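Notes for the one structure printed next.
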Amino acid sequence: MLVDLQSILQEMEQKRTAVGSFNTPNLEMVMGVVQAAEKNNCPVILMHAQVHESIMPLDIIGPVMLAAAHRAKVPVCVHLDHGESIDYIERAIQLGFSSVMYDGSSLAYEENLTNTKKVVSIAHKAGVCVEAEIGVIGRGGEISRDRYTDPAVAKEFAAAAGIDALACAFGTAHGIYKKAPQLDFARLKAIRRATAMPLVMHGGSGVSFEDYRAAITCGVRKINYYTYMAKYVGETIRDRLAAMEGIPYYHDLVGWGREAATAHAGKVMRVFSKEEP
């Protein structure tokens, strides 16, 4: 069933755990993640990132994600990840997304706040939740400590913007890590105390199981995940191709991909819910 972000985050708060939030830029990823959520009987978030527009247009994958959410036997939020333009965010809202993220983290504070407030006004009128980012989360596996989220700034930003969830920088990065991340849990706890709101971990792939659980204890309620799932799917297809004779049909390849996505997403969902992987 399609639900909003707020309802899932409230459940995570009650259980003191986190929801898996997965980028799904194709049909097989959508199906695999939903199947994993159903097998584990847990809520899930399907995401489409604006940066994936060249891989899969929002107008094509959005209705697929929404259809899968409506058909699912578990609560599913359909979320726009890293929306960098208000026009793009409005398109997601018009399609029926139940949550959006405005990412103005590369902008000056005042411009980020002004734009975030515009998105909140538009989204909340439509009954859609809003996540925003303060501080700058690393990219390409690179982490810049001097751009971590300042708890005092986070408090001011969250209160002024009226957002529903806050993405913060505390040592994670998007992409493949070049070395094991060293997460600043003291900072994360301070951000949670200052904002008293659900926090979001971006760059969630590649973090150790122990660090996931420590982050959840510090107030993380949504964990974004994509890179290592996509990598696992690619490795699985490669290995199965190497082991077979002859040439597979294309539907064999995408079937293997869906199965691999289900297996990998299910494993991390169990970690996020504090069960054994």
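The values are calculated or read from the model by the stated rules, or taken from the named source; none is laboratory data. The structure displayed is predicted, hence computed values, not measured ones. Cβ: placed from backbone, ideal geometry, glycine included. Neighbour counts: every protein chain shown.
For segment 124-140, taking the residues that are over 30 Å from Gln182 (Cβ atoms) and in a loop (DSSP other than H, G, I, E, B), the one that is farthest from the chain's Cα centre (by Cα) is identified as Ala126. Screening the candidates Val207, Val271 for the property of being over 23 Å from Gln6 (Cβ atoms), under 18 Å from the mean Cα position of the chain (by Cα) and in a loop (DSSP other than H, G, I, E, B) yields one hit, Val207. Every listed requirement among (1) touching a helix residue (DSSP H, G or I) at 6+ places or on another chain (Cβ under 7 Å); (2) surrounded by 23 or more Cβ atoms within 10 Å (Cβ to Cβ) is met by Leu95 save one, (2). Screening the candidates Ala214, Ala242, Ala190, Ala160 for the property of being of a type in the set (Gly, Ala, Ser), under 19 Å from the mean Cα position of the chain (by Cα) and in a helix (DSSP H, G or I) yields one hit, Ala214. Being free of Cβ contacts under 8 Å to residues at least 60 places away in the same chain, assigned to a loop (DSSP other than H, G, I, E, B) and polar (S, T, N, Q) is the filter here, so list the residues in segment 4-50 that pass it. Answer for segment 4-50, where residues must be free of Cβ contacts under 8 Å to residues at least 60 places away in the same chain, assigned to a loop (DSSP other than H, G, I, E, B) and polar (S, T, N, Q): Thr24, Asn26, Asn41. Taking segment 134-158 as the range and being in contact with a helix residue (DSSP H, G or I) (Cβ under 8 Å, 6 or more places away or on another chain) and either under 17 Å from Pro198 (Cα atoms) or at pLDDT 95 or above (or both) as the test, the residues that pass are Ile134, Gly135, Thr149, Pro151, Ala152, Val153, Ala154, Lys155, Phe157, Ala158.
Only one entry of Ser106, Ser121 meets the criterion of being small (Gly, Ala, Ser) and either surrounded by 23 or more Cβ atoms within 10 Å (Cβ to Cβ) or part of a loop (DSSP other than H, G, I, E, B) (or both), and that entry is Ser106.
Conditions tested, residue by residue: (1) within 20 Å of Val128 (Cα to Cα); (2) among the aromatic types (Phe, Trp, Tyr).
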residue: Ile8; (1), (2): yes, no
residue: Phe22; (1), (2): yes, yes
residue: Gln35; (1), (2): no, no
residue: Val64; (1), (2): yes, no
residue: Lys73; (1), (2): no, no
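The rows are residues; the columns are (1) on the phi > 0 side of the Ramachandran plot; (2) of a type in the set (Asp, Glu); (3) touching a strand residue (DSSP E or B) at 6+ places or on another chain (Cβ under 9 Å).
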| site | (1), (2), (3) |
| --- | --- |
| Ala160 | no, no, no |
| Ala169 | no, no, yes |
| His174 | no, no, yes |
| Ala186 | no, no, no |
| Lys189 | no, no, no |
| Ala196 | yes, no, no |
| Leu199 | no, no, yes |
| Val207 | no, no, yes |
| Tyr212 | no, no, yes |
